[in-house]
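K.L.:
Have a look at the structure that comes next, please.
What follows is calculated from the coordinates using simple rules that are stated; it is not laboratory data. The shown structure was predicted, so the numbers you read here are calculated from the model rather than taken from an experiment. Reconstructed Cβ throughout: ideal geometry from the backbone, glycine too, with neighbour counts over all protein chains shown.
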Amino acid sequence: MSSSGPELPIVVLEALMPTSQRLVLNRRGSSVWDVESGRGRYAVKLGYPIEATPEWPAQPWTALAPAREGAVLHRLGADDIAYGEWERGTWNVQPWREGLDLYRLWEPCRIEGSSVEPHTSVALGCVEALAELHAKGWAHGDVQPAHFIIGPERTHLIDLALARGGHVPEGYDFRFRGCLVHYEAPEIARSVLATGEAEPTQEADIYALGASLLISATGWRAVEYPDDAPRSVQREAVANGKRRPVKAPGELGELIDAMLSHAAGDRPTIYEVGKTLS
């Protein structure tokens, strides 16, 4: 993460009138700000295109991602959401979600020799957040540990820019080209390898949630491949089902193993996962 990034656009500054602002994430194609104002505390996301490099092709869709997420949140009935365009791409404003993400919260479980075990109530909170989205007919498409924020009252599922399940304005829409391969279901990986794109599904979300719980609890990816392997090699491993044994403790381990089933139809639904945990 870089300490510097694009400045907040004038339209956002005029809307929020910040009393403080802090850049919390600055990566290729996007930045996220923590903004305090008289109206409350907000996350502000800016998107801009990724230029081509010798290692990476250009990625113009990143410029559209914040507005697409804003449109999705509106469709889902979220309050206090705004989005629009700026000179380099799009932006959105949404309420700040206080808490630790799943990976950070379960860090004590991953310390060698630790007796701390992953608490099922935390896993259930993640399940409930995803179940709420699935109940509305949507698939998230980018389930990963960093997107579950465990707050003092509930768990929030964030970063819905890749979600599918309802209408999104054509000017802000773009094709789904996969997500972080660590959490990509085999059928998604196969489709991306074959065609360059895929269709997010609730079954793929279940796989991604299982992979997220596994890596957060144990530090191990669901599929074995070299850390520095090219993305295509990673996807080949996922598509071929080169699974590691699940070593999460007890009932959680058995559940994760079922969620990581190679065939989408063999995975439990989010409601079955929740019933098992509760």
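K.L.:
Per DSSP H run of n ≥ 4, the term is -39500 (n - 2.57); total these for the chain, divide by its residue number, and report the mean residue ellipticity at 222 nm rounded to 500 deg cm²/dmol.
P.N.:
-10000 deg cm²/dmol
K.L.:
For region 135-276, rounded, prolate or oblate, judged on the Cα gyration tensor with a ≥ b ≥ c (square roots of eigenvalues), a/c < 1.5 rounded, else prolate if a/b > b/c?
P.N.:
Note, shape of region 135-276 comes out oblate.
K.L.:
Also: For the chain, what percent of Cα pairs sit more than 29 Å apart?
P.N.:
Tail of the P(r) past 29 Å holds 34 percent of the pairs.
K.L.:
Counting only the backbone N, which residues of region 127-152 are under 16 Å from the spot 7 Å out from the Cα of LEU180 toward its beta-carbon?
P.N.:
Once the point is set 7 Å along Cα→Cβ of LEU180, 140-150 turn out to lie under 16 Å by backbone N, inside region 127-152.
K.L.:
Give me the extension gain from ALA264 to ASP34: residue separation times 0.36 nm, minus the current Cα-Cα distance, reported in nm with one decimal.
P.N.:
Difference between extended and current length: 79.1 nm.
K.L.:
Which length gain, in nm to one decimal place, applies between ALA146 and GLU132 when the Cα-Cα distance is subtracted from 0.36 nm times their residue separation?
P.N.:
3.2 nm
K.L.:
Net charge near GLU197, counting Lys/Arg +1 and Asp/Glu -1 over other residues with Cβ under 9 Å of its Cβ?
P.N.:
+1
K.L.:
Show me the ranking of peptides 66-76, 202-212 by mean Cβ neighbours inside 10 Å, starting with the highest.
P.N.:
By packing density, highest mean first, the sequence is 202-212, 66-76.
K.L.:
Can you give me the distance in nm between label points at ILE111 and ARG244, each placed 7 Å from the Cα along the Cα-to-Cβ direction?
P.N.:
About 2.0 nm separates the two model spin labels.
K.L.:
In Å and from the alpha-carbon atoms only, list the Rg and Dmax of region 129-211.
P.N.:
When restricted to the Cα atoms of region 129-211, Rg and Dmax are 12.8, 43 Å.
K.L.:
Using 0.36 nm times the number of residues separating TRP220 and ALA78, minus their current alpha carbon distance, what extension gain do you get?
P.N.:
Working it through step by step, the gained length comes to 47.7 nm.
K.L.:
A further question on this structure: Hey, for a label at SER20 modelled as a point 7 Å past Cα toward Cβ, could you say which residues of region 32-68 have their backbone N under 15 Å away?
P.N.:
Residues passing the 15 Å test: 33-43.
K.L.:
Compute the signed sum of charges (Lys and Arg +1, Asp and Glu -1) over the other residues within less than 10 Å, Cβ to Cβ, of ASP159.
P.N.:
My count for the surroundings of ASP159 gives -1.
K.L.:
Compare the Cα positions of ILE158, HIS134, GLY113 along the charge dipole of region 112-177 (+1 at Cβ of Lys, Arg; -1 at Cβ of Asp, Glu; about the Cα centre) and return the one farthest towards the positive end.
P.N.:
Positive-most Cα among the choices belongs to HIS134.
K.L.:
Between region 244-275 and region 157-227, how far is it from one alpha carbon centroid to the other, in angstrom?
P.N.:
Their Cα centres are 17 Å away from one another.
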